[in-house]
């Protein structure tokens, strides 16, 4: 889950540094561990003007429910379907495929880091991406090489 991964590497604040607004559906909060919920609240209080925690569950789009995704991913995608113009932050491969079928703009945790590098918020992407790998995010070395090439590393 992007929120947890960014926190594990000490860069949760990238979300609010890069985004005008961060919407966190209730389904995402429900899937977090107690520690994860504490992290979301820390982020919320650090940047409350940019964070919106949806208190009510997002109604799951019928076509999205057929993908059998987690509650959080389903709510993120369903929110984006109902609210065009938002980008979804998703790492789960099936969730990403689902979002793509609805033409929802999306980015993963690595994409957040690459974007932060392009914007000059972080000096180097590779150490952060390596930290993600150590935190449990899987990707191939070829994929990593291609991703880093996008930001000149």
**Request:** Counting only residues that are over 14 Å from the mean Cα position of the chain (by Cα), modelled with pLDDT under 85 and farther than 15 Å from residue 110 by Cα, give me the helices (runs of 4 or more DSSP H) lying completely in the stretch 1-40 with at least 1 of them.
**Result:** 26-31
**Criterion (surrounded by 11 or more Cβ atoms within 10 Å (Cβ to Cβ), in contact (Cβ under 8 Å) with a residue 60 or more places away in the chain and more than 20 Å from residue 90 (Cβ to Cβ)) met by exactly one of 151, 122** = 122
**Message:** Here's a check for you: in the stretch 107-119, which residue that is outside any helix (DSSP H, G or I) and touching a residue at least 24 places away in the same chain (Cβ under 8 Å) is farthest from residue 2 (Cα to Cα)?
**Reply:** 119
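Mind checking which residues of the stretch 81-106 are part of a loop (DSSP other than H, G, I, E, B) and either closer than 23 Å to residue 6 by Cα or under 16 Å from the mean Cα position of the chain (by Cα) (or both)?
Within the stretch 81-106, 85, 86, 87, 90, 91, 92, 104, 105 qualify.
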**Message:** Take the residues in the stretch 88-111 that are surrounded by fewer than 17 Cβ atoms within 10 Å (Cβ to Cβ) and at pLDDT 95 or above; name whichever of them is nearest to residue 73 (Cα to Cα).
**Reply:** 94
**Fill in**
Scanning the stretch 120-152 for residues that are part of a loop (DSSP other than H, G, I, E, B) and more than 18 Å from the chain's Cα centre (by Cα), the one modelled with the lowest pLDDT turns out to be 140
**Asked** How many residues, within the stretch 60-80, are in a helix (DSSP H, G or I), surrounded by fewer than 18 Cβ atoms within 10 Å (Cβ to Cβ) and in contact with a helix residue (DSSP H, G or I) (Cβ under 7 Å, 6 or more places away or on another chain)?
**Response** 2
**Request:** Inspect all residues belonging to the stretch 120-136 and state whether any of them is touching a strand residue (DSSP E or B) at 6+ places or on another chain (Cβ under 6 Å) and under 25 Å from residue 37 (Cβ atoms).
**Result:** no
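The values are calculated or read from the model by the stated rules, or taken from the named source; none is laboratory data. The structure presented is a predicted model; accordingly, all values stated were derived computationally and were not measured. Every residue, glycine as well, gets a Cβ built from its backbone with ideal geometry; the counts of neighbours run over all protein chains shown.
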